[in-house]
Amino acid sequence: MKNYKSLVIASVFGGLSCAAAAQPVGSVGAAYESAWGVSGEFLSIDADMAAANGIADSGFGLGVSYSGEKGLFNFTAGASFFFIDDEDEFSQRVEDWSGDESTEESSIDAGSLYIDAGVLYPVSEAFSLGLNGGYRYFDIDRGITNCRDCYSESVGVESDTYVKPFARFGFNDSWSGTLAYFAYSGDKGAENSLQFEVNASF
């Protein structure tokens, strides 16, 4: 897996180098530009970590982000919520606001915040390659949804740093799409994730 991550990152570095050689730096825009984005994302979790915590080894996320760029520099800050199957669920008797009792099953609540920054180089007017480094905070636990005093337990997927090679495709002056690969650095549970984002500039 680490060799695969290295190959992906090296490929992006190579693409950026070729783009830099082919295009004069003076053509890179100096004005600050920003965009809001909505994304879908597939998260891969270490199989042993997932089995030990009783969860699936993958999940699907939905997120929002804000990004900015000036010259070759860019940054992104975002938040995501992941849907991950609970394979070790528990049951608990709960009481609603009217006093009625029922038995509810646990589920996995998984959210994250992330921020990264790095270089974004325009290969053409409608296509750019980038490479960012960043940090992602994960908050994942097992519990009863919308229950204030119910039992809950943490899931051992920890926050981690990552390297993010990405490609951006311009659809028109206002809309673009970004395909990004998050390569997490350590043995903290998250292995990698693949994200596609639609960005709108206003």
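The values are calculated or read from the model by the stated rules, or taken from the named source; none is laboratory data. None of these values were measured; they are calculated from a predicted model. Neighbour counts are summed over all protein chains in view; Cβ atoms, including those assigned to glycine, are modelled from backbone coordinates with ideal geometry.
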*Specify which of the listed residues (Phe73, Phe138) is out of contact with any helix residue (DSSP H, G or I) (no Cβ under 8 Å at 6 or more places or on another chain), surrounded by 15 or more Cβ atoms within 10 Å (Cβ to Cβ), modelled with pLDDT of 95 or more and not charged (D, E, K, R).*
Phe138
*Only residues that are out of contact with any strand residue (DSSP E or B) (no Cβ under 7 Å at 6 or more places or on another chain) and under 24 Å from Asp85 (Cα atoms): list them for region 155-185, please.*
Gly156
_Quick test of your reading of the structure: Asn199 fulfils all but one of (1) surrounded by fewer than 20 Cβ atoms within 10 Å (Cβ to Cβ); (2) under 23 Å from Leu72 (Cβ atoms). Name the failing condition by number._
(1)
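Give Gly156, Gly186, Gly118, Gly133 a once-over and let me know the one that is over 14 Å from the mean Cα position of the chain (by Cα) and modelled with pLDDT of 95 or more. Even if it seems obvious, please write down each step before you answer.
Details: Gly156 fails: modelled with pLDDT of 95 or more; Gly186 fails: modelled with pLDDT of 95 or more; Gly133 fails: over 14 Å from the mean Cα position of the chain (by Cα).
Result: Gly118 is the single residue among Gly156, Gly186, Gly118, Gly133 that is over 14 Å from the mean Cα position of the chain (by Cα) and modelled with pLDDT of 95 or more.
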_Residue within region 60-68 that is surrounded by 14 or more Cβ atoms within 10 Å (Cβ to Cβ), part of a strand (DSSP E or B) and more than 19 Å from the chain's Cα centre (by Cα) present_ = no
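Among the candidates Asp88, Asp96, single out the residue that is of a type in the set (Asp, Glu), without any contact (Cβ under 8 Å) to a residue 24 or more places away in the chain and under 25 Å from Asp149 (Cβ atoms).
Numbers: Asp88 fails: without any contact (Cβ under 8 Å) to a residue 24 or more places away in the chain.
After ruling out the rest, the residue left standing is Asp96.
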*Lone unmet requirement of (1) touching a Phe, Trp or Tyr at 6+ places or on another chain (Cβ under 8 Å); (2) surrounded by fewer than 16 Cβ atoms within 10 Å (Cβ to Cβ); (3) small (Gly, Ala, Ser); (4) farther than 22 Å from Ser185 by Cβ for Ser128*: (2)
*Residue, surrounded by the fewest Cβ atoms within 10 Å (Cβ to Cβ), within region 171-181, restricted to residues that are small (Gly, Ala, Ser) and modelled with pLDDT of 95 or more*: Gly177
*asked:* Which count do you get for residues in region 45-76 that are closer than 30 Å to Gly143 by Cβ and out of contact with any Phe, Trp or Tyr (no Cβ under 9 Å at 6 or more places or on another chain)?
replied: 13
